[in-house]
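The values are calculated or read from the model by the stated rules, or taken from the named source; none is laboratory data. What you see is a predicted model, and the numbers here were worked out from it, not measured in a lab. For neighbour counting, all protein chains shown are included, and Cβ atoms are generated from backbone atoms with ideal geometry for every residue, glycine included. Just the protein is used for accessible areas: all its heavy atoms, side chains included, with ligands, DNA and RNA removed. Shrake-Rupley method; radii C 1.70, N 1.55, O 1.52, S 1.80 Å.
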Amino acid sequence: QLKEQVAKAAVDYILPLLTPESIVGVGTGSTADLFIDELAKHKDKFKATVASSERSTQRLAQHGISVLNLNDVQSMVVYVDGADEINPLLQMIKGGGGALTREKIVASVAEQFVCIVDESKLVDQLGAFTLPIEVLPMALQSVSRKMVALGGVAKQREGFITDNGNPIIDVGGFSLADARELEGKINDIPGVVCCGFFALSPATVALVSTQEGIKILTK
Ligand code: DER
């Protein structure tokens, strides 16, 4: 129930930020699912949402919450999403659920990124969790070779295609206290659509559910 606790804590955290005109950015994953269910109890307190995946779009719509196209939104007060790992700099690895590209896009439009995790996601070094990289189909092998050259071990995520119609390579073998430089290098590899490092764009705040209750981490 640590995930339920942090999902509820996230709604309590953002409620004071919301007006009837507010747009809320919504992440993807099992924690984000619980956040959506909690948010639905307050759907009269904001205008609409923008979602980071078809999965979250469907769950929001099932609650009768309006989901807008990002192209119709100029700004968003907050983006709420989980992470696979988060370090003390609030840098994350995301993409375990395969939604990293739309997550990074929606997060980039929000005034603040509220990351919701249970304590198992807290790390000092990013990289125990494999790094997802969304690539264009023709670049699967060329990007994999580049990642091996950078010290990684690359494996295509079998039988998976993102909402954007692209495959994902999961790359292990990294251990980084600060992932900004490597994120920049990966972004520059031809064929890379997006990688799961959120180091150049870290969270603003992390709500962490622990056995002793909710911790709020800032940089
Ligand atoms: O795929 C993603 O980026 C998800 O947010 C993931 O990082 C967290 O998923 P979880 O809440 O199911 O652990």
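A compact table of results
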| item | result |
| --- | --- |
| Positions within the range 93-111 being open to solvent by less than 40 Å² (accessible area, probe 1.4 Å) and part of a loop (DSSP other than H, G, I, E, B), in sequence order | 94, 95, 96, 98, 99 |
| Any hit, the range 76-85, residues being of a type in the set (Phe, Trp, Tyr), buried (at least 20 other Cβ atoms within 10 Å of the Cβ) and farther than 15 Å from residue 199 by Cα | yes |
| Number of positions in the range 1-53 that are within 14 Å of residue 113 (Cα to Cα), away from the ligand (no atom under 16 Å from the Cβ), buried (at least 22 other Cβ atoms within 10 Å of the Cβ) and not β-branched (Val, Ile, Thr) | 0 |
| Test: residue in the range 123-131 that is outside any loop (DSSP other than H, G, I, E, B), more than 15 Å from residue 203 (Cβ to Cβ) and not hydroxyl-bearing (Ser, Thr, Tyr) | yes |
| Yes/no for residue 170 being closer than 30 Å to residue 5 by Cα and part of a loop (DSSP other than H, G, I, E, B) | no |
| Some residue of the range 99-109 being of a type in the set (D, E, K, R), out of contact with any Lys or Arg (no Cβ under 8 Å at 6 or more places or on another chain) and more than 16 Å from the ligand (Cβ to nearest atom) | no |
| Residue within the range 54-65 that is within 17 Å of residue 183 (Cα to Cα), open to solvent by 10 Å² or more (accessible area, probe 1.4 Å) and of a type outside the set (S, T, N, Q) present | no |
| Within the range 127-142, considering residues that are more than 12 Å from the ligand (Cβ to nearest atom) and buried (at least 24 other Cβ atoms within 10 Å of the Cβ), the one nearest to the chain's Cα centre (by Cα) | 133 |
| All positions within the range 186-214 that are surrounded by 14 or more Cβ atoms within 10 Å (Cβ to Cβ) and either without any contact (Cβ under 8 Å) to a residue 60 or more places away in the chain or not in a strand (DSSP E or B) (or both) | 186, 187, 189, 191, 192, 196, 199, 201, 202, 203, 204 |
| Cβ pairs under 6 Å, 6+ apart, first in the range 67-96 and modelled with pLDDT under 95 and within 16 Å of the ligand (Cβ to nearest atom), second part of a loop (DSSP other than H, G, I, E, B) and open to solvent by 10 Å² or more (accessible area, probe 1.4 Å) | none |
